[in-house]
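Peer 1: Encoded as structure tokens, here's the structure I'll be asking about.
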Amino acid sequence: MSTVEEIDISKLEKLVEEALEKYEPYDVIEKALRPAMEEVGRKFERGEYFIAELVLVADVFKEIFNKFFKPRVSKVSKAKPMGKVVIGTIEGDIHDIGKSIVAAILEASGFEVIDLGVDVSADKFVKEAEKHSADVIAMSSLLTTTMLNMGKVTELLKEKGIRDKYIVIIGGAAASEEFARKIGADAYGIDAYDGLKKLKKLIAEKRKQQ
Ligand code: B12
């Protein structure tokens, strides 16, 4: 969807409306809007785009998400408590679009979600998880330079002797299955639904053991 890059808002909104008549909202995000963002990222990497362009497309994406998708995903909410999640983008990183999508999908699927925002320290993740008696700590990271900070969360949990209290899941462009294993997280989600699927499975397993 090159229109995201061209930033023709009215044309883009029309295309999104048409797509939503045929496809599920989440598919439109994953199969059209997210790849477009990735292309913008590649252009930035090649020096064809600058920060100003990244900011612009991020604003467009957020506008589209809030206007067309958030109301739709909220509607399908079953309000059945699946568990409590504290979610945030890790310290040093201010990317929040993916994290907010994950938060919206989890909420729509019946999780109670406490969104800690961006640039969240290990200390804050752990404090908030304890404060809210959360079941899950979910972290997002798009930068390779700060992804290691996610390991500080699992370390801190171990240090406090509370690692087993939480299911720790990570995601975002800088994360991977391998990295999740490396830092001792329980799961990695390639996208919001993958994360949801894995969390449901892990929560069911944990409840069986209790
Ligand atoms: C938009 C954008 C920005 C915007 C962000 C605005 C915002 N409010 O979020 C702005 C302009 C602020 C920005 C800044 C920077 N950016 Co930037 N940015 C991007 C871009 C183009 C898109 C990111 C995005 O929103 N994608 C769309 C969403 C929907 O996808 P997503 O985040 O991946 O999320 C999905 C999945 O990953 C997953 N997911 C995400 N989190 C989680 C969490 C859990 C628990 C689970 C289960 C799943 C999950 O589910 C989501 C939905 O399906 C990416 C390119 C890319 N390939 O990602 C670069 C990119 C991430 N940025 C990059 C860079 C370098 C920067 C800067 C350092 C640039 C600079 N020189 O200042 C700064 C960093 C500032 C900081 N300290 O954080 C690099 C990172 C490279 C690297 N290896 O680390 C990238 C990859 C671009 C590139 N190819 O060079 N950026």
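Each reported figure results from applying straightforward, stated rules to the coordinates on display, with no laboratory input. The structure presented is a predicted model; accordingly, all values stated were derived computationally and were not measured. Cβ sites come from the backbone with ideal geometry, for glycine too, and all protein chains shown count toward neighbours.
Peer 1: Straight-line reach from K14: which lysines have Cα under 23 Å away, leaving out those fewer than 8 places along the same chain?
Peer 2: By straight Cα distance, K14 reaches K22, K31, K62, K67, K70, K75.
Peer 1: Same structure, new question: With a length cut of 18 Å (Cα positions projected on each helix's long axis) and a Kyte-Doolittle mean of at least 0.0, go through the chain and give me the DSSP H helices that pass. Intermediate results must be reported in sequence, preceding the final value.
Peer 2: Numbers: long enough: 9-22 (20 Å, -0.33); 51-64 (20 Å, 1.51); 192-209 (26 Å, -1.14).
Flagged H segments are 51-64.
Peer 1: Using alpha-carbon pairs under 8 Å, 6+ residues apart, how would you state the relative contact order of the chain in percent? Show your work: numbers first, answer last.
Peer 2: On the way: 309 pairs, mean separation 32.7, N = 210.
About 16 percent, as a whole number.
Peer 1: Now for a separate question. So what's the back-of-envelope 222 nm ellipticity for the chain, counting only DSSP H runs of four-plus at -39500 (n - 2.57) apiece and dividing by all residues, rounded to 500? Walk me through the numbers on the way to the answer.
Peer 2: Numbers: 11 runs with 112 residues, N = 210.
When only DSSP H runs of four or more count, the value is -15500 deg cm²/dmol.
Peer 1: Taking 0.36 nm per residue of sequence separation and subtracting the Cα-Cα distance, how much length would be gained by fully extending the chain between D119 and D164, in nm to one decimal?
Peer 2: 13.8 nm
Peer 1: Less than 12 Å Cβ to Cβ from V118, Lys/Arg counted +1 and Asp/Glu -1: what total charge do the surrounding residues give?
Peer 2: Working: positive: K99, K124; negative: E91, D93, D96, D115, D119.
Net charge around V118: -3.
Peer 1: Tell me, what is the Rg over Rh of the range 55-210, with Rh the Kirkwood radius over Cα pairs? Could you put the intermediate results ahead of the total?
Peer 2: Working: Rg = 14.8 Å, Rh = 15.5 Å.
With Rg and the Kirkwood Rh in hand, the quotient comes to 0.95.
Peer 1: Taking K and R as +1 and D and E as -1, what net charge do the other residues with C-beta under 13 Å from the C-beta of N149 add up to?
Peer 2: Taking every Cβ under 13 Å from that of N149, the sum is -3.
Peer 1: Straight-line reach from K198: which aspartates and glutamates have Cα under 16 Å away, leaving out those fewer than 8 places along the same chain?
Peer 2: E107, D135, E177, E178, D186
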